[in-house]
Amino acid sequence: MPPRSFRALRLALAALCFVLAGCGDEPLGFVDGGPLDATLRSDAAFPERPSLIDTGPATDVRGRVCTRSSQCDDGVECTMDFCADDGRCVSVADPGRCDDRVYCNGVESCDARRGCVRGTPVTCNDNYTCTIDRCDEMTRACVHRPRDFDGDGDPDFRCTAYDCDAGVPDPPCWRGGDCDDANPRVNSRLPEICGDGVDNNCNGEIDAADRMGCSRPMHDRCDDALDVSAGGRFTVALAGALGDYPSRCTGNTIPPRDAVLRLRLDAPRDVAVTAESSGASVLVQLNTRCGDIESVRDCVIGYPTVYRARALPAGEYFFQIATTSAVVGTGEVALTVELTDPTPAPSNDACSGAIDIPTGGATLRGTLVDVADDVTTSCGGTTPDVVYRLTLTERRDVTLRATGGRTDYLTLALVDTCARTTATRRCATGSPSQISLRNLAPGTYFVVVEGTRVPSFTLEAELTAPTSAVPGDSCSNPITLSPNSTVMGTVAGAQGDVPISCYGGDSRDVVYRFTLDRTLDVNVLLRGGASDFFFMAVQRACGSSTGEAACRYGTVGRLTARGLDPGDYYLVVRPLRGTEFTLTMVASPPLAPVMASGNDTCATAQSIPSGGGFYMGNTAALRRDYTAPCTLGTTSEDAVFRYRSDTRQRVQFSLEGSSFNTVVWMTQGPTCPGSSVPLTCFSGEGASPAVFDALLDPGEYWVFVSGFNAEARGAYSLSVLPLPM
């Protein structure tokens, strides 16, 4: 998942919550909230901190006298400390350094005196008792599911989706039919089960008295296990089945529904079982004694699920087939059981058995069934692996590619030594996965292929004559960048070599070097295609993410590094999508902040000169007077600025360094609030602050600073910077 700073997702979430909040009354007898209707709590990564809200006026943040920014370190890790043009130290909060990249625990902030402060967890409660609400980290959004206490896939019969009242057809309309939502053996979608004394299908008739008849689910227990000893294709119906036996995959608890298969082997065989169900993940567990948790050999979960065993000894085995939730779509699980001749264990499971890659390159076949984890790589962790050895007697370009089945994801890494912990030169995960290294020096290296139960893969090794790196491909050949310039850039032909603190992936990068002859603020602007996304960082020592001046990301890359002392610096650009971009760098004197206070309304707006400026203030002491045109919810207290453009110019307005989720927007006109200016309303958080730039004609403009929601308020920083045309 990209970072939580995607604005479209935030606005979609706001729209969803706004719609749900306006719906009808709740049924009696329920209370919304509680353990099944709550937000994900924040983690313990950040200590408890006092409130950041300061309801008093903004105060002067300037510190001691200075001549260089290196003299201004305040000891707070998340602040950007610099020597301003008035010869005084300034410390500005940099929330991006606090970002833990977890969406659901909220946006971490930086207090310029206290350091990083943990965020407020995302609130997903829609105040409707018929839904169970939670924050989903994978989709980075709130999820509102029908309230289904027993987890059988049929909501309580007293519950109906909001959309049903509006005449919206299914989906998203749903209507509950479960007449006993505490019993998974009962719901309106089940068949009537004979002999259990329960009205399973909620039609008011029990067992044999049901006019529709009754039945017992097949293969539900050990005494009726489905025999799969001959292999083949099977279908197991879980509708009406109950969970009977504990599973290691569910923490030794009993899953909602399960069925049992029996497998008898007269001789050792390779075994592959594929299980797939519409709408649910499937659990496959192998036991040597049916229903006995102590006899479990292995357990896997997937979508679909593939269980493989190499040379399984002769004997009797039992497979437990279960769903990880009671919702099983059609209620059927499609099974394929394959039995083949036994194969030997791979010889390169451990470092001592590493297979040599021929010096001329080769295509090798391998397997990851029944292998252990021996080498920890930077992107593969503790996944089972096999090892190959690559020996070079001269410099070569090396391209490695690992390919498995259609759904197999493999991790491929080149490491210096074969050991539990080793330096990883290059690492990638994908389906397939590929890594390239240019001009690799002579020596012995190891190639590690990692994956879970991949039965067969090919490793292609291509070794060719060494080629020269493209300009900017690494720290050894950076591209010279002049301050106050605009250049075209590309990562075509480059590799991913330089680590940065706000991105841990393996996308390609390009490195620039620029030199400052005096203390300056540096602003970087990256533009690419409509779907491009950029990560970038300014580093003092190329390749060292420790002590970076700044690291940012966004669909339009924007970065501000304040008060950089004279010397050489490196700009690392890593596009996540796209290869070409336009890069603009502006270097300007580190302006001393102007403390904005009392600018609560248009009548008391803080004036900004045509040349721009740097302003700091606090919205907590202000009132909410205006509404941002790009938010669907309620914004918080706001501050107002007045900007007069004397000439036609492009100007950037940035709230980078603010302590809360901000919104900034602009209007135009001789009187305030004026009329909206297109594409000048943006929200932001953390390492992706609210910022925009606009081409302005001469005239009067009004800039509004507020919070993304009613709780977002506090200290803010507004930077106004004219950009090159």
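Where a number appears in this text, it was derived from the coordinates with a stated rule and is not lab data. Because the structure is predicted, anything quoted here is derived from the model rather than measured. Using ideal geometry, Cβ is built from the backbone for each residue, glycine included, and neighbour counts are taken over all protein chains shown.
Multiply the residue gap between E332 and T546 by 0.36 nm, knock off their C-alpha separation, and tell me the result in nm, one decimal place.
71.7 nm
Hey, rough spin-label estimate for S482 and T343, points 7 angstrom out along Cα→Cβ, what's it come to in nanometres?
Roughly 6.1 nm, to one decimal.
Treat each spin label as a single point 7 Å out from the Cα along the C-beta direction, and report the T67 to R216 distance in nm.
In this crude spin-label approximation the distance works out to 9.4 nm.
Determine the relative contact order of segment 508-624: mean sequence separation of Cα pairs under 8 Å and six or more apart, normalised by residue count, in whole percent.
Relative contact order of segment 508-624: 32 percent.
Go from 0 up to the bin containing the longest alpha carbon distance in segment 485-557, width 10 Å each, and give me the % of pairs per bin.
Calculated over all Cα pairs of segment 485-557, the distribution is 16, 53, 29, 3 percent.
If I take every Cα pair under 8 Å that is 6 or more residues apart in segment 594-723, average their sequence separation and divide by the length, what percent do I get for the relative contact order?
35 percent
For A314 and S468 in the same chain, what is the full-extension length gain: residue separation times 0.36 nm, less their Cα-Cα distance, in nm?
Additional length available on full extension: 49.7 nm.
With θ taken as phi - 60° and the coefficients 6.51, -1.76 and 1.60, list the Karplus ³J(HN,Hα) couplings across segment 586-600 in order, rounded to whole Hz; mark glycine and proline as x.
For segment 586-600, the Karplus curve yields 10, 10, 9, x, x, 5, 5, x, 9, 7, 8, 8, x, 8, 7 Hz.
Do any trypsin sites (Lys or Arg not before Pro) in segment 538-622 lie in a loop, going by DSSP, with at most 16 other beta-carbon atoms within 10 Å of their beta carbon, and if so which?
R540
Which value in Å is the Kirkwood Rh of segment 608-661 over different Cα pairs?
About 13.5 Å for segment 608-661.
How do M616, M725 rank when sorted from fewest to most other Cβ atoms within 10 Å of their own Cβ?
Listing M616, M725 from fewest to most nearby Cβ atoms yields M725, M616.
Could you tell me the distance between the Cα centroids of segment 205-272 and segment 335-399, to the nearest Å?
First find each Cα centre; the distance between them is then 37 Å.
Give me I254, I435 ranked fewest to most by other Cβ atoms within 10 Å of their Cβ, as a rough exposure proxy.
Ranked by crowding around the Cβ, least crowded first: I254, I435.
Loop only by DSSP, 10 or fewer other Cβ within 10 Å of the Cβ. Give me the trypsin sites (Lys or Arg not before Pro) in segment 407-463 that pass, ordered by residue number.
R420
Expressed as a whole number of Å, what is the distance separating the alpha-carbon centroids of segment 128-150 and segment 508-565?
39 Å
Can you give me the three principal axis dimensions of segment 222-326 from its C-alpha atoms, in Å, biggest first?
37, 28, 23
Let's test the formula: R0 of 22 Å, r as the Cβ-Cβ distance of E711 and E77. What FRET efficiency results, to the nearest 0.05?
Plugging the Cβ-Cβ distance into 1/(1 + (r/R0)^6) gives 0.30.
For segment 293-374, what is the Kirkwood estimate of the hydrodynamic radius, computed as the reciprocal of the mean inverse distance between distinct Cα atoms, to one decimal in Å?
Averaging 1/r across every pair of different Cα atoms and inverting gives 16.6 Å.
When only DSSP loop residues count, what trypsin sites (Lys or Arg not before Pro) in segment 595-676 have their Cβ near at most 12 other Cβ atoms within 10 Å?
R623, R648
Inverting the mean 1/r over all pairs of different Cα atoms, compute the Kirkwood radius of segment 594-723 and quote it in Å.
Across segment 594-723, the inverse of the average 1/r is 14.1 Å.
Using Cα-Cα distances under 8 Å and only pairs 6 or more residues apart, what relative contact order does the chain have, in percent?
Reported as a whole number, the value is 10 percent.
Translational diffusion coefficient of the chain at 37 °C, 0.692 mPa s, Stokes-Einstein with Kirkwood Rh over Cα pairs, in µm²/s as a whole number.
The diffusion coefficient I find is 110 µm²/s.
If you take the Cα atoms of segment 330-437, find Rg, then find the Kirkwood Rh from the mean of 1/r over all pairs, what is Rg/Rh?
Here Rg/Rh amounts to 1.02.
Quote to one decimal, in nm, the extra length available between M595 and S676 on full extension: 0.36 nm per residue of separation minus the C-alpha distance between them.
Stretched out fully, the M595 to S676 stretch lengthens by 26.5 nm.
Measure nothing but the geometry: give the 0 to 90° angle between the long axis through the Cα atoms of 7-21 and the longest principal axis through the Cα atoms of the chain, rounded to 10°.
Orientation of helix 7-21: about 70 degrees from the principal axis.
Between L265 and T579, with labels modelled 7 Å along Cα→Cβ, what's the label distance in nm to one decimal, could you check?
For the pair L265/T579, the computed spacing is 4.8 nm.
Students often check this: by mean Cβ neighbours within 10 Å, which of 263-269, 349-355 ranks highest, and how do the rest follow?
Going by the mean number of other Cβ atoms within 10 Å, highest first, we get 349-355, 263-269.
Quick one: Karplus J couplings for segment 509-518, per residue in order, coefficients 6.51, -1.76, 1.60, θ = phi - 60°, nearest Hz, x for Gly and Pro?
9, 9, 10, 10, 10, 10, 10, 10, 9, 7
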